[in-house]
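A quick write-up on the structure given underneath.
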Amino acid sequence: MSNPIADRQSRRRLLNGSALLLTLIQLSACAEPPMSGAPAPAAQVQPAPSAAVAAAPVAEVQQSFSEWRDGFRREALAAGIDSATFERAFAGVTPDPAVIRADRSQPEFTRPVWEYLDSAASLPRVRNGQRLLAEHAETLSIIEQRYGVERNTLVAIWGMESNFGANTGNMSVIRSLATLAHEGRRPQFAHDQLLAALSILEHGDVQPQRMQGSWAGAMGQTQFIPTTYQRYAVDFDGDGRRDIWDSTADALASTANYLQASGWQTGQSWGMEVRLPEGFDYALADPEQRKPLSEWLALGIRPLNAPPQAAAGAQSASLLLPAGHNGPAFLVLDNFRSILKYNNSTAYALAISLLGERFGGGGMIYGSWPRWERQLSRSERIELQERLSQHGHETGAADGIIGANTRRAVRASQQQLGWPTDGYPNYRLLEQLRQLP
């Protein structure tokens with residue numbers, strides 16, 4: 001194809017010399033294949049929102065790594081991987097203890113959503129994003145025309161995932177995935193990603209030494225896992241390789257391709273901050289509750305500074321209270337859910353949405369966050385789940401993860417106490433349950 005960016009090769013290695021020191025937990029597997037299902041809660045933010053880092057029981061490893069490698073080699077060759085590709089990829093590969101430590105880590109304390117958003121939309125990140133929007137305007141215009149995904153969202157994802165290409169991860173994807181396939185918490189997932197990574201190498205898009213990423217196997221400037229790369233990565237700059245590591249054009253276009261496949265609606269907003277009426281039923285603040293925007297407005301909800309295109313009453317919206325009834329409220333639309341398919345965390349999707357608006361001078365939140373409220377630690381979240389179950393409110397596994405079952409149990413307990421039923425787990429509720437017999 002005719003490519004107007006072919007003469008701009010010097011820009012494809014953006015920020016190459018400004019890589020920052022990277023913690024093991026910061027980068028993780030993003031952009032998994034689009035899936036349906038309720039979004040994860042945003043009440044508390046893990047250091048790696050796109051990959052579950054809470055530990056699960058780990059099965060005892062029965063095979064040595066060399067035995068596992070030999071068995072995996074036979075399977076890879078049977079799947080069509082050339083023996084030379086396998087040997088080149090696995091040359092000198094040994095288990096990485098740092099990957100196992102990261103995989104089994106259980107952070108006791110998590111960041112409240114407002115601190116996460118403050119960091120996500122920091123002034124340096126906003127200014128860098130604005131500069132790069134101008135620098136890559138031509139490329140982004142063509143991407144918008146081809147995929148229908150607006151540029152500010154793409155640059156926001158770029159900034160969140162890798163600090164605009166500066167922090168793509170410096171760990172061998174093959175070694176990390178081999179370690180996880182041998183003795184990780186999700187060996188089958190890692191096994192499938194490793195086969196996909198070998199297929200990428202065989203295709204010739206990247207050399208083994210350049211296939212670097214996070215401890216969990218996420219790769220490139222917008223952190224694709226290998227199976228997602230296989231399905232959605234594109235060669236946008238026309239050099240014959242799908243290079244999400246060193247080609248900004250390929251990375252941004254691949255992300256746009258992914259969001260388009262995830263249901264992105266061209267010209268629509270992600271959502272809007274809203275004001276709730278007095279006496280509002282907070283039980284409606286549930287990701288499973290989707291109503292046309294017109295129905296939410298009929299309930300007395302009023303947008304705060306909503307863009308004109310967000311006022312289409314037929315759009316399906318959900319009400320999001322990321323910090324419970326004491327914090328800001330948002331109606332989120334289809335494009336918000338598309339971002340959730342990139343990373344199934346409402347805190348992440350809200351950060352991307354607001355950061356994209358900040359590039360254009362918007363993205364301000366009018367409501368006040370309950371910064372005074374004490375956040376639950378992981379052990380306290382487990383205790384809350386246990387106490388809710390003891391009092392007849394089933395939460396499922398007491399694992400410290402606040403999912404749909406726990407939110408329903410919290411609502412049931414709040415209703416018994418006569419509190420607003422927002423489903424938000426906080427320290428006040430835990431204290432109240434501690435006092436019950």
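Mind listing just one residue for me: the one in segment 220-234 that is polar (S, T, N, Q) and in contact (Cβ under 8 Å) with a residue 60 or more places away in the chain and, of those, most open to solvent (accessible area, probe 1.4 Å)? Spell out how you get there, then give the answer.
The initial filter retains those residues of segment 220-234 that are polar (S, T, N, Q), namely 221-223, 227-228, 230.
Then drop every residue that is not in contact (Cβ under 8 Å) with a residue 60 or more places away in the chain, which leaves 221-223, 227-228.
On the way: Q221: 5, T222: 1, Q223: 0, T227: 31, T228: 0 Å².
Checked segment 220-234; the qualifying residue most open to solvent (accessible area, probe 1.4 Å) is T227.
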- Message: Need pairs with beta-carbon distance below 7 Å; first residue in contact (Cβ under 8 Å) with a residue 40 or more places away in the chain and under 17 Å from H203 (Cβ atoms) and within segment 83-103, second surrounded by 19 or more Cβ atoms within 10 Å (Cβ to Cβ) and small (G, A, S); sequence gap 6+ or separate chains.
- Response: F86/A76
- Output for segment 320-356, where each listed residue is over 18 Å from the mean Cα position of the chain (by Cα) and open to solvent by less than 10 Å² (accessible area, probe 1.4 Å): A323, G324, P328, A329, F330, L331
- Query: Condition test on S172, is it open to solvent by 40 Å² or more (accessible area, probe 1.4 Å) and of a type in the set (S, T, Y)?
  - Reply: yes
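Checking the condition open to solvent by 20 Å² or more (accessible area, probe 1.4 Å), in contact with a Ser or Thr (Cβ under 8 Å, 6 or more places away or on another chain), under 19 Å from Q188 (Cα atoms) and modelled with pLDDT under 95, which residue from E32, E108 passes? So that I can check it myself, show each step before the final result.
On the way: E108 fails: under 19 Å from Q188 (Cα atoms).
Checking each option against the conditions leaves just E32.
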- Item | Residues within segment 76-102 that are surrounded by 12 or more Cβ atoms within 10 Å (Cβ to Cβ) and either at pLDDT below 95 or among the hydrophobic types (A, V, I, L, M, F, W, C) (or both), tallied | 11
- Search result, residues across segment 113-136 that are over 17 Å from M160 (Cα atoms) and touching a residue at least 12 places away in the same chain (Cβ under 8 Å): E135, H136
- Item | Residue in segment 88-101 that is part of a loop (DSSP other than H, G, I, E, B), polar (S, T, N, Q), out of contact with any Pro (no Cβ under 7 Å at 6 or more places or on another chain) and closer than 30 Å to R371 by Cα present | no
- Query: Of the residues P425, P420, P437, which is touching a His at 6+ places or on another chain (Cβ under 7 Å) and either closer than 25 Å to P328 by Cβ or open to solvent by 20 Å² or more (accessible area, probe 1.4 Å) (or both)?
  - Reply: P420
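Taking into account only those residues within segment 140-162 that are touching a helix residue (DSSP H, G or I) at 6+ places or on another chain (Cβ under 8 Å) and of a type in the set (S, T, N, Q), which is nearest to S338 (Cα to Cα)?
From segment 140-162, those touching a helix residue (DSSP H, G or I) at 6+ places or on another chain (Cβ under 8 Å) are 140-141, 143-144, 146-160; that's our starting set.
Those left that are additionally of a type in the set (S, T, N, Q): 141, 152-153.
Numbers: S141: 20, N152: 15, T153: 11 Å.
Looking at the filtered set, the residue picked out is T153.
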- Query: What's the number of the condition A261 fails, among (1) buried (at least 19 other Cβ atoms within 10 Å of the Cβ); (2) hydrophobic (A, V, I, L, M, F, W, C); (3) within 19 Å of the chain's Cα centre (by Cα)?
  - Reply: (1)
- Message: Would you confirm whether or not segment 243-255 contains a residue that is touching a Phe, Trp or Tyr at 6+ places or on another chain (Cβ under 8 Å) and either surrounded by fewer than 24 Cβ atoms within 10 Å (Cβ to Cβ) or of a type in the set (D, E) (or both)?
- Response: yes
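Conditions (1) in contact with a strand residue (DSSP E or B) (Cβ under 9 Å, 6 or more places away or on another chain); (2) more than 19 Å from L259 (Cα to Cα); (3) of a type in the set (K, R); (4) assigned to a helix (DSSP H, G or I), marked per residue:
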{"residue": "L117", "(1), (2), (3), (4)": "yes, yes, no, yes"}
{"residue": "R127", "(1), (2), (3), (4)": "no, yes, yes, yes"}
{"residue": "L132", "(1), (2), (3), (4)": "no, yes, no, yes"}
{"residue": "T153", "(1), (2), (3), (4)": "no, no, no, yes"}
{"residue": "A156", "(1), (2), (3), (4)": "no, no, no, yes"}
{"residue": "G159", "(1), (2), (3), (4)": "no, no, no, yes"}
{"residue": "F164", "(1), (2), (3), (4)": "no, no, no, no"}
{"residue": "G169", "(1), (2), (3), (4)": "yes, yes, no, no"}
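Would you mind finding the one in R407, R434 that is assigned to a helix (DSSP H, G or I), modelled with pLDDT of 95 or more and of a type in the set (K, R)?
Result of the check over R407, R434: R434.
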- Considering segment 175-216 alone, what residues qualify as being assigned to a helix (DSSP H, G or I), open to solvent by less than 30 Å² (accessible area, probe 1.4 Å) and small (G, A, S)? S176, A178, A181, A190, A196, A197
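The values are calculated or read from the model by the stated rules, or taken from the named source; none is laboratory data. No experiment lies behind these values; they were computed from the predicted model shown. So basically every Cβ, Gly included, is an ideal-geometry build from the backbone, and we count neighbours across all protein chains shown. The accessibility values were calculated without ligands, DNA or RNA, using every heavy atom of the protein model including side chains. Shrake-Rupley method; radii C 1.70, N 1.55, O 1.52, S 1.80 Å.
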